[in-house]
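Q: Here it is, the structure in full.
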Amino acid sequence: MTEVLVVAGPAAAGEYVADILARAIQTDPETVLGLATGSTPLPIYAALAERVRTEGIDVSSVSGFALDEYVGIDPAHEQSYHHVIDAEVTQTLGLNPERVHVPSGNPDTLESAGAAYEEAIRAAGGVGWQILGIGANGHIGFNEPGSPIDSLTRQVPLTEQTRQDNARFFDSIDDVPRHAITQGVGTILRAGHLFLLAFGEHKADAVARAINGPVSPEIPASAIQQHPNVTVLLDAAAASGLDAAEYTVVTGTPAGV
Ligand code: F6R
């Protein structure tokens, strides 16, 4: 079932998801988190870190798997997802770095990196809770339009739109890599529960097509319709392409639910 919630904004969405994840970790210390990068999930990581601190939650056995990485970027580069995940998730939450995985964007080992990543996810028992943002073109992970619904972790080209959208993180558009390695749509669908978050008017069309459009490789996020446990969290602007009857407006966190 896809539950669509409209919240006040990114901070409220972060609190909402962090609340669920905090309880999941307390119930199962070996919880496996699926980690997105980009701007959207940052409030979740901040809110979860706050709970870990204030409630003394033991995260030493929690694992994490990032969705994607740029190909050919130095893992030490500030904008590599190795670096971003380390700074925003591993360090912020105090996770064991050995349990946090990011696909390798090393061009020399790309042929085997996808299968190795799938195997690492499998060996960890699968992702329990997958955090997702969505591209303005409907991508999830770096599965751009045209990505098969059953695709697995592999190298993909980035579209010009995605490169331009991500140019804000680099000195210039020329510095944005042209390829990435990403979990496939099929990989993402294997997670136990999906959280898809989107904020802002520029995501409204992609959100509407993901929720109401036909399930199609042209809008990779539409694949969430095939997943039994999905929570979509939006601000009012990102929900503006939906009918009000399609969502629930939420003012608090799910504590006690
Ligand atoms: C990031 C990722 C992408 C982003 C999407 C939205 O790991 O896989 O799908 O979630 O591009 O990016 P933001 O959140 O920066 O708008």
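Rule-based calculations on the coordinates, nothing more; no lab input. None of the values given here were measured: they were computed from a predicted structure. Every residue, glycine as well, gets a Cβ built from its backbone with ideal geometry; the counts of neighbours run over all protein chains shown.
Q: Within the stretch 30-39, identify whether any single residue is among the hydrophobic types (A, V, I, L, M, F, W, C) and without any contact (Cβ under 8 Å) to a residue 40 or more places away in the chain, and answer yes or no.
A: The initial filter retains those residues of the stretch 30-39 that are among the hydrophobic types (A, V, I, L, M, F, W, C), namely 32-33, 35-36.
The next check asks that each one be without any contact (Cβ under 8 Å) to a residue 40 or more places away in the chain; those that pass are none.
The answer is no; no qualifying residue exists.
Q: Related question: Please determine, by comparing only the residues of the stretch 16-30 that are within 16 Å of the chain's Cα centre (by Cα) and surrounded by 22 or more Cβ atoms within 10 Å (Cβ to Cβ), which one is farthest from Val127 (Cα to Cα). Lay out the reasoning, then the answer.
A: Filtering the stretch 16-30 down to residues within 16 Å of the chain's Cα centre (by Cα) leaves 16-18, 20-21.
Restricting the remaining residues to those that are surrounded by 22 or more Cβ atoms within 10 Å (Cβ to Cβ) gives 16-17, 21.
Values: Tyr16: 19, Val17: 16, Leu21: 13 Å.
Only one residue fits best here, namely Tyr16.
Q: Condition (residue is near the ligand (Cβ under 9 Å from one of its atoms) and in a strand (DSSP E or B)) applied to the stretch 169-185: is it met by at least one residue? Let's see the steps before the verdict.
A: Residues of the stretch 169-185 that are near the ligand (Cβ under 9 Å from one of its atoms), as a first pass: 169, 180, 182-183.
When the remaining residues are screened for being in a strand (DSSP E or B), the result is 180, 182.
Yes - at least one qualifying residue is present in the stretch 169-185.
Q: Give me the pairs, please: first residue somewhere in the stretch 64-82 and free of Cβ contacts under 8 Å to residues at least 24 places away in the same chain, second residue anywhere and assigned to a loop (DSSP other than H, G, I, E, B), beta-carbon distance under 6 Å, and either six or more positions apart or on two chains.
A: His82/Pro75; His82/Val102
Q: A further question on this structure: From (1) away from the ligand (no atom under 14 Å from the Cβ); (2) among the β-branched types (Val, Ile, Thr); (3) surrounded by fewer than 21 Cβ atoms within 10 Å (Cβ to Cβ), pick out the condition that doesn't hold for Ile211.
A: (3)
Q: Additional query: Inside the stretch 90-111, can you point out the residues that are part of a loop (DSSP other than H, G, I, E, B) and either loosely packed, with under 13 Cβ neighbours inside 10 Å or in contact with an Asp or Glu (Cβ under 8 Å, 6 or more places away or on another chain) (or both)? Working first, answer last.
A: Filtering the stretch 90-111 down to residues part of a loop (DSSP other than H, G, I, E, B) leaves 94-96, 102-106.
Passing the criteria: Val102, Pro103, Ser104, Gly105.
Q: Turning to a different aspect of this structure: Looking only at the stretch 100-142, filter to residues that are more than 13 Å from the ligand (Cβ to nearest atom), hydrophobic (A, V, I, L, M, F, W, C) and closer than 20 Å to Pro177 by Cα; which one of those is nearest to the chain's Cα centre (by Cα)?
A: Applying the filter and picking the extreme gives Ala113.
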